[in-house]
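Novice: Pasting in a structure now, in structure tokens, and then I'll have a few things to ask.
The values are calculated or read from the model by the stated rules, or taken from the named source; none is laboratory data. Computed from a predicted model, the values in this text were never measured in an experiment. Neighbour counts run over all protein chains shown; Cβ positions are idealised from the backbone, glycine included. To get the accessible areas, we keep the full protein, side chains included, count just its heavy atoms, and leave off ligands, DNA and RNA. Shrake-Rupley method; radii C 1.70, N 1.55, O 1.52, S 1.80 Å.
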6 protein chains.
Amino acid sequence: MATFATHLVVVVVTMLFLAMASAEMLQDVCVADLSNAVKVNGYTCKDSTQITPEDFYFKGLANIAATNTSTGSVVTGANVEKLPGLNTLGLSMSRIDYAPNGLNPPHVHPRASEIIFVLEGQLYVGFVTTAGKLIAKNLNKGDVFTFPKGLIHFQKNIANSPASVLAAFDSQLPGTQSLVASLFGALPDDILAKSFQLKHKQVKKIKLRYAPKK
Amino acid sequence: MATFATHLVVVVVTMLFLAMASAEMLQDVCVADLSNAVKVNGYTCKDSTQITPEDFYFKGLANIAATNTSTGSVVTGANVEKLPGLNTLGLSMSRIDYAPNGLNPPHVHPRASEIIFVLEGQLYVGFVTTAGKLIAKNLNKGDVFTFPKGLIHFQKNIANSPASVLAAFDSQLPGTQSLVASLFGALPDDILAKSFQLKHKQVKKIKLRYAPKK
Amino acid sequence: MATFATHLVVVVVTMLFLAMASAEMLQDVCVADLSNAVKVNGYTCKDSTQITPEDFYFKGLANIAATNTSTGSVVTGANVEKLPGLNTLGLSMSRIDYAPNGLNPPHVHPRASEIIFVLEGQLYVGFVTTAGKLIAKNLNKGDVFTFPKGLIHFQKNIANSPASVLAAFDSQLPGTQSLVASLFGALPDDILAKSFQLKHKQVKKIKLRYAPKK
Amino acid sequence: MATFATHLVVVVVTMLFLAMASAEMLQDVCVADLSNAVKVNGYTCKDSTQITPEDFYFKGLANIAATNTSTGSVVTGANVEKLPGLNTLGLSMSRIDYAPNGLNPPHVHPRASEIIFVLEGQLYVGFVTTAGKLIAKNLNKGDVFTFPKGLIHFQKNIANSPASVLAAFDSQLPGTQSLVASLFGALPDDILAKSFQLKHKQVKKIKLRYAPKK
Amino acid sequence: MATFATHLVVVVVTMLFLAMASAEMLQDVCVADLSNAVKVNGYTCKDSTQITPEDFYFKGLANIAATNTSTGSVVTGANVEKLPGLNTLGLSMSRIDYAPNGLNPPHVHPRASEIIFVLEGQLYVGFVTTAGKLIAKNLNKGDVFTFPKGLIHFQKNIANSPASVLAAFDSQLPGTQSLVASLFGALPDDILAKSFQLKHKQVKKIKLRYAPKK
Amino acid sequence: MATFATHLVVVVVTMLFLAMASAEMLQDVCVADLSNAVKVNGYTCKDSTQITPEDFYFKGLANIAATNTSTGSVVTGANVEKLPGLNTLGLSMSRIDYAPNGLNPPHVHPRASEIIFVLEGQLYVGFVTTAGKLIAKNLNKGDVFTFPKGLIHFQKNIANSPASVLAAFDSQLPGTQSLVASLFGALPDDILAKSFQLKHKQVKKIKLRYAPKK
């Protein structure tokens, strides 16, 4: 029995370190098998004979999300983790809802450019080039604006009424790095103090709002 | 002077055959210089010191388009030709408006996958795999669905009221090949007759609706 | 024993959802492991220590195939499914044989451009741009012609003798969507009737030749 | 003459909006023509018959740079702008010199991952995942560490003696967005105040060190 | 007039450093403008309104080439330089003709994998992995074999009658580096002597057959 | 029990044919799971919750390697096989140490361009284009030079003292095909004799130094 147990452990443990999806379409569809224990670059596919219309469908962007957050904005994603049919398609969407004067604070998407369509409200949006130039504009309902890959960008609701945008990305999992949260949630005090030239006391105060990730 | 004239002709003629944009981002932004005489793969960029917020902005998707067409649907693009800042970003949007029971007939996008969000109405949408399997579903307002790259797909308004969707693509210029129009607008009668196994009379009748492109 | 049985089921079931190959070469070779239960984007590789010359070899294109089909043409593929060494190489071939006056009806390859060499006979071949322009030409033995990615194209034998071409693709699995078969084999009657503006009776008649895929 | 003048203006103006380099190698080499008036995605190539060994050579990383900057670090690039032969190669280098306790403050490269080799000294380096996890380590002379594409990272000299690293990137022009400088050099006060939850007074004070780019 | 002359020189000289084609298809077709003075990564496109079927056609592979060369083989290319419609398609073909016992000596294609179809004759073909393993096989008429990207490979006619193959590549301009010719045609004697551990006398003797490129 | 044994064999055998990593980053990091029995294009990832700073760290380039080899040079790699965090990053490094007058003989990297920085010494380095042109230069400490993807290149220590370079590649596993070793270690005598136009006796003599790989 020992050999069975041993083999089994080897196999199960191995499974824990497997699974992936590729960056280019090598067949019609590769629906993500999200529950798979195997870990890979992206996601493995479910058997193509088992795909259903539901694999390519998501209804989670239909409604306005509660915007009572610290910054007054909420992002709801429709990426491969929610819509497995997006696996290998290099495409995803998000809905962003804003409280009156709410802000989607400065952030970067490491793996995608973004294009937004204003569903409702008035926003001030922009991005910063690596040369430090701000490209920003006021948007109204129905307007479209785009943010190039990897550059710092933000959107702010400039009205006293709620606002919403629909965003699309050229990645099934663009990733989001919220700058203030990443900096003050993860970096050591001395790095932050020297970077912002703030007193340690000030750094600690800002950090209170961002419990370091465990 | 003759030599000047000659040089000038050489130069101007050469210009008529130039200009391009690349498939990957090699700098922060490369805003398309759409009016450039030079022809390239994509578009050349305007001088980066001359970019403005307007280059990344488009308001042409704000309103419902007139849908009194033969099939009862109209596609309004927000691609690099309308929004030059999309050049090299590998991303674009379209708005599709449908008359009651209007149809966006079967077509393929040679260079992009597509994801749609229903702005208004009820639609029956789907795509066909190369194995000939139909993946289709009824959608309501706020629903999201996706169509994999290069596969035949369609959307039909299944209600007696107008409908609209917002579509995003993983290409700044996805291209659209409407199948019936391409087949009956461009192919010779005998190819069509043999392909559809229709009588030439029937082929000619369908062709009447599609004047061959000059 | 129950735990063994349980683990085993978990493992085996997991296996049913695994396996893939990538879009770029990340080592010398990645020979497809076609029999693998794991499903991925492309195919997993067999152990590189086990590769043999046969993995890179295929003899199935040597002979003319029987062309007594409804359209009078037969495509024989030498893609990754037949020639596992092509996995990750982004390249494949096909042989197309035509009966006298046989037709390879309008179709698209969602994932590849195509280049053909006429082994025997005389053909009329062409493709249609997304602008609806037909680019077509008569070819003789030894001629080469190319069809851009994702565009509708066809070849017709214009002689009363058999013809054959050798085709190459920039994908190890280009995929083929035969338009008439996909449209009339998969789409609902009302979509087809409205798309082609045919009577339901005519649609049903054409459909008889294309039993919907199960 | 007027027509000559007019044509000439057209041509020269057109030239001002042209020139590009592609993302993939389509020939052996494409040495950047940096002085070209044409603007493209990357750089155009000089005539391949005119290339010399100097096009592939750079000596600017040989010496330690002066590190008497506000943060005590200096980055010297060996990218396509300095080494034109790198055009289309998707590769570049930088040398980073640090004063005792000098810091290369948190930044992102929108278009590249980075790998560093410690030429001299002791450093504390790290990056933050989009999940907010800090991956950091102390490095000594000869150690190698890598920072994934688009993620926030930093290096700090933790010794009282100078330090230097050699960095390589998988892009000929990776781009650098220094976070504090970009945020406080480019964004409006209210966005910063709300993002960092700082008083406008504090924001203005930090901003003093970063004159907005003109 | 001087200013005209000056401008003209500026413009014409600039033209000499321009022109390119991209690595991905950003529109239906981008037919290479081969005569363009502008140099870029690939080729610029001719105006899409000017394309003709001839741009996608080549007849130069129809006939057997004279094989009375030093090694008894001749390669005839159908790449973008001969077939401009291949520009951006990432695909090309070659015909290789062999004298009895002729050899296509060891070479590498820096930018493409290769797949061959034997038109006539019997060949011994193979490639060498970076691990130094030879993967080789005898082929007969109609057989298909593939050579992975960047690996050393060769084909030898093993019969006393002529042979021919049709080769396809996943690049519109794969490039060929014939090893013996490149080594003995370009490298200094001492590098060759030390690499092959040959006497300088032997090196000079082999070099006689390969006049260094000017 | 037999069924357990059988299932187990199936599972374990299946495991032997699995495992892969992709060519593009589809999440923040995908640390290679090098010990995984599964074989794929690249490597599978370890569970992202299990990553540590050590996964992104390597100290094996810190010291000079023994250079008492036949050619007087040694290459020490810092690729994905040594530094698992490089998986999917498309980047790696090597350290090359040279004995006085040592040579890194002519070779190609099938999957990467290379850029080098001279840590110590004086070298003569160069590459050969597919047109047979040698691009070579003498380098001193601190100099940078680059070798385009897939082209033959070499470095020779031209001083009587040791030399060292740090090399970077745009691939996590660039691969190296040493030409003389590959040719004389793997190819049949007759191919070599005809390629180099050497006598079989001379071929056999050179081959003595390169035992064919088993």
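Novice: Please express the shape of the range C:84-129 as an equivalent ellipsoid: the semi-axes are the square roots of 5 times the eigenvalues of the C-alpha gyration tensor, given largest first in whole angstrom. Present the calculation step by step, with values, prior to reporting the outcome.
Specialist: Working: eigenvalues 109, 45, 17 Å².
Square roots of five times the eigenvalues give 23, 15, 9 Å.
Novice: Using a cut-off of 13 Å between alpha-carbon atoms, which aspartates and glutamates can reach C:Lys201, once sequence neighbours fewer than 8 places away in the same chain are excluded?
Specialist: Of all the aspartates and glutamates, those that pass the test against C:Lys201 - Cα under 13 Å, at least 8 places apart if same chain - are C:Asp189, C:Asp190.
Novice: Given a 1.4 Å probe and no ligands, DNA or RNA in the count, how much accessible surface is buried by C and A, both sides, to the nearest 100 Å²?
Specialist: Values: alone 13010 and 12970 Å², together 24130 Å².
Using a 1.4 Å probe on protein heavy atoms, the buried area is about 1900 Å².
Novice: Over what distance in Å are the Cα centres of the range C:129-176 and the range D:87-159 separated?
Specialist: Computed from Cα coordinates, the inter-centre distance equals 51 Å.
Novice: Could you state the accessible area per residue of the range A:71-152 in Å², with a 1.4 Å probe and every protein chain left in place? The partial results should precede the final answer.
Specialist: Values: 1720 Å² over 82 residues.
Each residue of the range A:71-152 exposes 21 Å² on average to a 1.4 Å probe.
Novice: With respect to the axis carrying D onto F, what is the closest chain D residue by Cβ position, and how many angstrom separate it from the axis?
Specialist: For the rotation taking chain D to chain F, the closest Cβ gives D:Ala168, 2.
Novice: Taking the label point 7 Å from Cα in the Cβ direction, how far apart in nm is B:Glu81 from each other copy of itself, listed shortest first?
Specialist: Ordered by increasing distance: 3.5, 3.5, 3.6, 3.8, 5.1 nm.
Novice: Quick one: with all protein chains in place, what share of the accessible area of the range B:65-155 is carbon or sulfur, to the nearest percent (1.4 Å probe)?
Specialist: Working: 1010 of 2160 Å².
The C+S portion of the solvent-accessible surface of the range B:65-155 is 47 percent.
Novice: Across the residues of E:162-169, average count of Cβ atoms on other protein chains within 10 Å? Intermediate results must be reported in sequence, preceding the final value.
Specialist: On the way: counts 0, 0, 0, 0, 6, 1, 10, 4.
So the per-residue partner count for this stretch is 3.
Novice: Let me ask you something else. If packing is taken as the average number of other Cβ atoms within 10 Å across a peptide's residues, how do D:110-116, C:46-52 rank, most packed first? Could you put the intermediate results ahead of the total?
Specialist: Numbers: D:110-116: 24.9, C:46-52: 15.3.
Answer by packing, highest mean first, reads D:110-116, C:46-52.
Novice: How many partner chain Cβ atoms sit within 10 Å of a residue's Cβ in peptide E:103-116, on average, as a whole number? It would help to have the intermediate numbers written out before the result.
Specialist: Working: counts 4, 1, 8, 9, 2, 9, 3, 13, 8, 5, 10, 2, 13, 1.
Shielding by partners across E:103-116 averages 6.
Novice: Return the long-range amide H neighbours of E:Asn87 (sequence gap of 5 or more, or a different chain), with a cut-off of under 5 Å between placed amide H atoms.
Specialist: HN-HN under 5 Å from E:Asn87: E:Ala32.
Novice: Sticking with this one: Which whole number gives the average count of other chain Cβ atoms within 10 Å of the Cβ atoms across peptide D:91-99? It would help to have the intermediate numbers written out before the result.
Specialist: On the way: counts 14, 5, 7, 0, 3, 0, 0, 0, 0.
Per residue, the average neighbour count from other chains is 3.
Novice: Can you compute log10 of I(q)/I(0) for the range F:99-194 with the Debye formula, treating each Cα as one identical point scatterer, at q = 0.12, 0.20 Å⁻¹?
Specialist: -0.42, -1.01
Novice: Can you tell me which lysines have their Cα less than 16 Å from the Cα of B:Lys149? Leave out same-chain residues fewer than eight positions away.
Specialist: B:Lys133, C:Lys149
Novice: Taking only the alpha carbons of the range E:103-155, what extent do you get along each of the three principal axes, in Å, biggest first?
Specialist: So the three principal-axis extents are 29, 21, 17 Å.
Novice: Ordered shortest first, which distances in nm separate the 7 Å Cα→C-beta label point of E:Asp189 from those of the other copies?
Specialist: Here the equivalent label points are 3.0, 7.1, 7.8, 7.8, 8.8 nm apart from this one.
Novice: Sorted from shortest, what are the nm distances separating the label point of E:Leu208 from equivalent points in the other copies, each placed 7 Å from Cα along Cα to C-beta?
Specialist: 2.5, 8.1, 8.2, 8.2, 9.0
Novice: Can you list the HN-Hα couplings for the range E:137-153, worked out from phi with the Karplus curve (6.51, -1.76, 1.60; θ = phi - 60°), rounded to whole Hz and with x for Gly and Pro?
Specialist: So the J values, rounded to whole Hz, are 7, 8, 10, 10, 3, x, 6, 10, 9, 10, 10, x, 3, x, 9, 4, 8.
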